[in-house]
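Each reported figure results from applying straightforward, stated rules to the coordinates on display, with no laboratory input. All of these numbers come straight from a predicted model, not from anything done at the bench. For neighbour counting, all protein chains shown are included, and Cβ atoms are generated from backbone atoms with ideal geometry for every residue, glycine included.
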C-alpha cells in the first residue's frame, strides 16, 4: 500500500489523518502533517471495503450542506406585505429625487441603509424593484412613500 501524500510504500501500520478536511491513509512520517482520525472497524459480516471506498469508512459526523428553504418571492414582486398596497409606478424617480434632495450620492445612501451602491443604482434606473424590507428602509430614511393603496396608485403623470 502506498502513502496517499508522498507515494512511498507504507511499512508497518497505516495511519489515518485529517488534513484540511480531507481524510488520507499515510505513512508514519506524513502522519505528522495532520490530525489523527478514527477509521470505522468493519463488521465481521461485511467484507472489507476496497481502497476506492476508503473515504467512506471514516467515522465522521454527518454534514448537512443544504441551505434552509425560504418562501419564494411573490410572482409580481410589486405588492407590499398585504395585497392592498402596491409599489408606485414611479418609484425609481421618487428614490432618486429624494436622495438628491438630501444631497447624497448613491454610495452615501447605500452606506446609510446598508445596501450596495450598485443596488441603489439599479433601483434608480428602474431595472430592480425593491423588496418589502428594502422599500421600508428607503421609505424610512428618505421620508418618501413607495407603496400606495391599490386604488390610489400614483401614476408618473400625476406626480
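Suppose the chain between residue 143 and residue 28 were pulled fully straight at 0.36 nm per residue; how much longer would it get relative to their current alpha carbon spacing?
Length gained, residue 143 through residue 28: 34.6 nm.
Determine, from the Cβ-Cβ distance of residue 127 and residue 84 and an R0 of 30 Å, the FRET efficiency 1/(1 + (r/R0)^6), rounded to the nearest 0.05.
Numbers: r = 26 Å, r/R0 = 0.88.
After rounding, the FRET efficiency stands at 0.70.
Please arrange 111, 104 by how many other C-beta atoms lie within 10 Å of their C-beta, fewest to most.
Fewest to most other Cβ atoms nearby, the residues stand as 111, 104.
Using mean Cβ contacts within 10 Å as the protection proxy, how do 88-99, 133-144 order, highest first?
For the peptides 88-99, 133-144, the packing ranking is 88-99, 133-144.
Between residue 101 and residue 18, what is 0.36 nm times their sequence separation minus the Cα-Cα distance? Round to one decimal in nm.
Full-extension gain reported as 24.0 nm.
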